[in-house]
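Here the structure is laid out as C-alpha cells; the discussion comes afterwards.
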Amino acid sequence: MEENPRGWIHGDETAKAMLARVLTERPFLFLPPLHRVPLRVGNVVEIAGPSPSAKSQILLHAAVHCILPEEWKGIRFGGLERMVMYFDLDCRFDVLRLSQILKHRIMEAYKSANSTYWEDNGEYQKYDATEITQMCFCDDELFLACMRRFLYIRCYSSFEFLAALKAMHFHLQRESEALGVGLHFLMIDSIGAFYWIDRACQPMPIGGSKRKNLSLQNVAEAVVQEICKLLQTQPVLVLATKATIFGAGTSGNDAQRAFGKWCSERKMDSRTLSKEGEKLLYREYMPSAWQSFVTHRVRLQALDEIISDGQYGTLPTYTSQWVQPPLNIKDKFAVRDDGIFLIT
Amino acid sequence: MAEFNEPRSKATASVSSSGNPTSFLSRASKCAKTLEEGNRSLSDDAGFAQVQPMMEDWHQPWLNGVELLEDSNRNKHFLPTGYEGIDVLLGGGLCEGQLTEIVGSSSSGKTQVCLYSAAHVADKHFGVVMFLDTCNSFSPKRIACMVDQLSSSFSGEAKERRLKRIMSNIFCHSIFDIFALLDVLHQLEFNLKHQVTSGHTKICLLIIDSISSLLTPVLGGKGSEGRLLMVSAGIILKKLANEHNVSVLVTNHMVGGEGGILKPALGESWKSIPHVRLQLTHDQGSNICNVSILKHTFMASGRTTKFVIHG
C-alpha cells in the first residue's frame with residue numbers, strides 16, 4: 001500500500017471483488033418485515049411492539065440465518081456463516097427455541113436437496129420424512145458449528161449491560177480468532193428492559209460533581225457510545241427490540257375509573273379511543289441519545305386474526321409498519337418454525 | 001530511564017482504554033510500523049490480563065449456543081403439574097429456569113393449579129416447593145384432600161406416610177406486601193448462592209399466589225415507583241429461575257379492559273416479564289377448566305386444552 005499509493009487510488013476493483021464487498025456490507029436478507037428496506041452494516045434497527053408481537057422471534061430467525069453456512073457438504077443453506085452477539089436484557093431467551101428453528105432450517109435444506117435427488121432417480125416415493133429427520137439429527141457437526149457462532153450474555157441490570165458492552169470487544173476478538181469468522185448481528189432484547197429502574201434511580205452525587213451519575217440519560221449515552229465504538233471497527237448490523245411499556249390508555253383507564261363511564265359513553269367513543277390508544281401504545285420513552293442513534297424503526301402489532309395452517313394447527317398473525325423510513329405499506333405476517341411468512 | 005518509563009506508560013494506557021481493546025488495537029495497528037512490535041503486544045497482553053478478571057466479575061458469563069443448550073439439557077427440566085392437560089400443552093410441565101404466569105378471573109382454578117402442582121412436585125421427589133401466600137389461599141387441608149384422592153390405592157398407614165412426606169417438602173410463607181416479598185426473594189437468592197445444594201433440600205418450584213395482589217396496590221398514580229418495584233420483583237424472580245434452576249409460578253387476576261373485555265391485570269410493563277402466560281377459564285357448574293396459551297417462548301399462542309379439577 002505504501003509502495004504504490006497511486007495504484008491504490010486508481011485501482012478499480014473487479015466485479016467479483018465488488019460483489020463480495022457489497023454482499024458483506026449488505027447481505028441479502030429475506031426476513032419479513034426486514035425485507036422492505038435495504039439494510040446495511042452500520043445500521044441500527046429498532047423493532048418496537050407490545051408483548052407478544054413476535055419481536056424476539058424475528059431476532060431468532062435472523063440469528064439462525066446468520067449462523068448457518070452458505071453451503072455445507074454440497075448442500076445449500078443460504079446462510080451468512082457469521083457470528084451473532086445476543087444481549088438478553090429481558091432474560092427470556094429460550095435456547096430450545098433457537099435450536100428448534102436451526103434444526104428446522106437444516107432439515108428443510110436436506111429435504112429439498114434430497115427430494116431433487118430422489119426425483120432425479122425416479123424414486124420419489126421412497127422419500128420418507130422420518131428417514132430425513134434421522135439423517136439430519138445425525139449431522140451434529142453442522143448443528144454444533146452453527147450454535148458455536150451464537151454468542152449470548154444475560155444482563156440483570158443496566159450496570160451489567162454496560163460492563164458486558166465494555167467486555168464485548170475483547171470477547172469478540174477472542175471468539176472470532178477461534179472460529180475464524182466475523183460478527184454480523186448485534187442483538188439487544190429488549191432495550192427498554194431497565195427503563196423503570198433507571199428512571200427511578202437518583203443516586204446522591206458522590207464527591208463533588210465531577211463523576212457522572214447513573215441515570216437514564218447517562219446509561220443510554222454510554223450504551224450508544226459503546227456500540228458506536230464497535231460499529232467503527234466491525235461491519236455489524238444492530239437489531240434491538242423495544243417493548244411498548246405504556247399500555248393502550250394507561251392514562252385513559254384512570255380517567256374512566258374516576259368518572260365511572262364504563263359502558264354507555266365508551267361505545268360512542270370507541271373509534272377515537274382506539275386511535276388514541278394506538279398513539280399511546282407507541283409513546284417513545286427511550287432517552288434522546290438512543291432515539292437519534294436508531295436509523296431504522298419498524299412497529300409490530302399482534303392481530304386478533306388466526307390463520308389455520310395444515311401442518312402447525314393455528315398460527316397467530318402480526319402486522320408490521322416501517323416508521324423510519326416511513327413506508328405506507330402494512331405487511332401481515334405469521335411466524336412458523338421454518339421462517340417468517342408474509343400473508344397476502 | 002526513558003527506556004524503562006516507556007513500556008510502563010503504555011501499559012497504563014492500555015488499562016485505561018481497556019473498555020475497547022479492539023479500537024485500541026486498531027489505533028495501535030495504524031501506527032504499528034513506527035512502534036516496536038514486541039513491546040506493544042507485551043504491554044497489551046499485560047493490560048488485558050490485569051483488567052479482564054475484574055471485568056468478568058461485573059457481568060454474567062458469556063455463553064455460546066452449545067453451552068446454553070448443555071445447561072438447558074442438564075439443569076432445566078420440566079416439572080409436571082400433575083394435570084395431564086396442562087402438562088401436554090406445555091410439553092412436559094413448568095420449565096425450570098422460567099417464570100410461568102397463570103391469569104384468570106376469580107374462581108377460575110388458579111389456586112387449585114398452584115396447590116396441585118405443589119403437591120405433585122413435592123410428591124415426585126423433584127425437590128422442595130416454596131409457596132408464597134399473599135391472600136391466605138394456601139390450604140393444607142385441600143392438599144391433604146388431593147393427596148388422599150391420589151393415593152386411594154394405598155393402605156391407611158402408607159397414605160399417612162406419603163402425606164407427611166409431601167407436606168414436609170412444602171414450605172409456606174405468608175406475605176402481605178411487596179417489600180416483604182422482595183426481602184424474602186433476596187434472602188432466598190442469598191441462601192441459594194451460598195449453600196451447597198444437595199439432593200432434596202434444593203428448591204425447585206417457587207409459587208406466588210397471587211403476585212397481583214401485592215403489585216396492584218403499589219401501581220397506578222403518576223409516579224414510577226410502583227413500576228420500579230414491579231420490574232425489580234420480575235427481574236429477581238427471573239434471576240432466581242435462571243441462575244438456580246427454579247421454576248417460578250405466579251398468578252395474576254383479570255381486570256376490565258377496553259370495551260369491558262377482561263384482560264390480565266398489571267398492565268403493559270408486566271407483560272414482558274413472564275416467559276409463559278396461561279389463561280384459565282372455568283365454566284360455571286362443571287369442574288372442567290380451559291387453559292390457553294397467551295404467550296410462550298416457543299409455542300404459538302392460541303393453543304388451548306381442557307383439564308378436570310377434582311372435587
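List every residue whose amide H lies under 5 Å from the amide H of B:LEU262, counting only residues 5 or more places away in sequence or on a different chain, with H placed 1.01 Å from N in the peptide plane.
Hits under the 5 Å cutoff: B:GLY257.
Residue by residue through region A:92-99, what is 3J(HN,Hα) from phi via Karplus (6.51 cos²θ - 1.76 cosθ + 1.60, θ = phi - 60°)? Round to whole Hz and write x for glycine and proline.
These are the phi-based 3J(HN,Hα) values: 10, 5, 10, 5, 5, 5, 4, 5 Hz.
Students often check this: by mean Cβ neighbours within 10 Å, which of B:182-190, A:324-332 ranks highest, and how do the rest follow?
B:182-190, A:324-332
Quote the Stokes-Einstein diffusion coefficient, in whole µm² s⁻¹, for region B:22-308, based on the Kirkwood radius over alpha carbon pairs, a temperature of 10 °C and a viscosity of 1.306 mPa s.
Answer, rounded: 74 µm²/s.
Pick out, in residue order, every one of the GluC sites (Glu not before Pro) in region A:1-106 that is DSSP loop and has at most 15 other C-beta atoms within 10 Å; say none if there are none.
A:GLU2, A:GLU3, A:GLU13, A:GLU70
According to a simple spin-label model (label point 7 Å from Cα along Cα-to-Cβ), what is the distance in nm between A:ARG40 and A:LEU342?
The answer from the label model is 2.3 nm.
Subtract the Cα-Cα distance of B:GLU84 and B:LYS193 from 0.36 nm times their separation in residues, and report this length gain in nm to one decimal. If you can, show how the numbers build up before the last one.
Details: separation 109, 0.36 × 109 = 39.24 nm, distance 3.37 nm.
Gain on extension, B:GLU84 to B:LYS193, equals 35.9 nm.
Shielding of A:289-300 by partners, i.e. mean partner chain Cβ atoms within 10 Å per residue?
Mean partner shielding for this stretch: 0.
Which value, in square angstrom to the nearest 100, describes the accessible area buried between chains A and B on both sides, using a 1.4 angstrom probe?
About 5300 Å² of accessible surface is lost on pairing.
Which of B:VAL103, B:GLY234, B:MET55 sits farthest toward the positive end of the charge dipole of region B:22-308, with +1 on the Cβ of Lys and Arg and -1 on the Cβ of Asp and Glu?
Positive-end residue among those listed: B:VAL103.
Note the full-extension length gain between B:ASP183 and B:SER105 as 0.36 nm times their separation in residues minus their Cα-Cα distance, in nm to one decimal.
25.3 nm
Taking amide hydrogens as modeled 1.01 Å from N in the peptide plane, which residues meet the under 5 Å criterion relative to B:THR134, leaving out close sequence neighbours?
Those lying under 5 Å, H to H, from B:THR134 are B:ILE175, B:ASP209, B:SER210.
How do B:HIS282, A:HIS169 stack up against each other in accessible area, from largest to smallest, with a 1.4 angstrom probe?
B:HIS282, A:HIS169
Please give the charge dipole size of region B:22-308, origin at the Cα centre, charges +1 on K and R Cβ atoms and -1 on D and E Cβ atoms. Round to the nearest 20 debye.
500
For region B:203-311, state which trypsin sites (Lys or Arg not before Pro) are in a DSSP loop and have at most 10 other beta carbons lying within 10 Å of their beta carbon.
B:LYS222
Which residues' amide hydrogens lie under 5 Å from the amide hydrogen of A:LEU237, considering only partners 5 or more residues apart or on another chain, with H built in the peptide plane?
Sorted by chain and number, the residues that satisfy this are A:GLY42, A:PHE185, A:LEU186.
Which entries of A:LYS242/B:LYS263; B:LYS164/B:LYS306; A:LYS166/B:LYS202; B:LYS202/B:LYS239; B:LYS76/B:LYS202 show an alpha-carbon separation above 25 angstrom in the structure shown? Let's see the in-between values first.
Values: A:LYS242/B:LYS263 22 Å; B:LYS164/B:LYS306 31 Å; A:LYS166/B:LYS202 35 Å; B:LYS202/B:LYS239 16 Å; B:LYS76/B:LYS202 14 Å.
Violating the 25 Å Cα-Cα cut-off are B:LYS164/B:LYS306; A:LYS166/B:LYS202.
Give me a comma-separated list of calculated 3J(HN,Hα) values for region B:57-72, in order, Karplus coefficients 6.51, -1.76, 1.60 applied at θ = phi - 60°, integers in Hz, x for any Gly or Pro.
In residue order, the calculated couplings are 6, 8, 9, 5, x, 6, 10, 9, x, 5, 5, 4, 5, 4, 4, 5 Hz.
On average, how much accessible surface per residue is there in region B:58-197, in Å², for a 1.4 Å probe, leaving out ligands, DNA and RNA?
On a per-residue basis, 47 Å².
Hey, got a sec? Which trypsin sites (Lys or Arg not before Pro) in region A:47-99 land in a DSSP loop and have at most 12 other Cβ atoms within 10 Å?
Counting only loop positions with at most 12 other Cβ atoms within 10 Å, the trypsin sites (Lys or Arg not before Pro) in region A:47-99 are A:LYS73.
What's the FRET efficiency of A:ALA145 with A:SER215 using the Cβ-Cβ distance as r and R₀ = 45 Å, to the nearest 0.05?
Plugging the Cβ-Cβ distance into 1/(1 + (r/R0)^6) gives 0.60.
Given B:GLN195, B:GLY256, B:PHE138, which one lies farthest toward the positive end of the charge dipole of region B:22-308, if we put +1 on the Cβ of every Lys and Arg and -1 on the Cβ of every Asp and Glu?
B:GLY256
On average, how many beta carbons from a partner chain sit within 10 Å of the beta carbon of a residue in A:190-196?
Mean shielding count: 4.
Taking all protein chains together and a probe of 1.4 Å, list A:VAL323, B:VAL129 from the most accessible to the least accessible.
A:VAL323, B:VAL129
Report the gain in length on full extension from A:THR314 to A:ALA302: 0.36 nm times residue separation, minus Cα-Cα distance, nm rounded to one decimal. List each step's numbers first, then the result.
Numbers: separation 12, 0.36 × 12 = 4.32 nm, distance 1.44 nm.
In short, 2.9 nm is gained.
Inside 10 Å of the C-beta atoms of A:149-159, what's the mean count of C-beta atoms belonging to other chains?
Partner Cβ neighbours, averaged per residue: 5.
What does the C-alpha gyration tensor say about the overall shape of region B:90-156? Classify as rounded when a/c is under 1.5, otherwise prolate if a/b is larger than b/c, or oblate.
Cα axes put region B:90-156 in the oblate bin.
Residue-wise, which Karplus ³J(HN,Hα) couplings in Hz belong to region B:258-271, taking 6.51 cos²θ - 1.76 cosθ + 1.60, θ = phi - 60°, and x for glycine or proline?
5, x, x, 6, 6, 9, x, 6, 6, x, 6, 5, 6, 3
The values are calculated or read from the model by the stated rules, or taken from the named source; none is laboratory data. From a predicted model like this one, the values you see are computed outputs, not experimental measurements. Cβ coordinates were reconstructed from backbone atoms using ideal geometry, including for glycine residues, and neighbour counts include every protein chain displayed. Ligands, DNA and RNA are stripped out before the accessible areas are found, and what is left, the full protein with its side chains, is counted by its heavy atoms. Shrake-Rupley method; radii C 1.70, N 1.55, O 1.52, S 1.80 Å.
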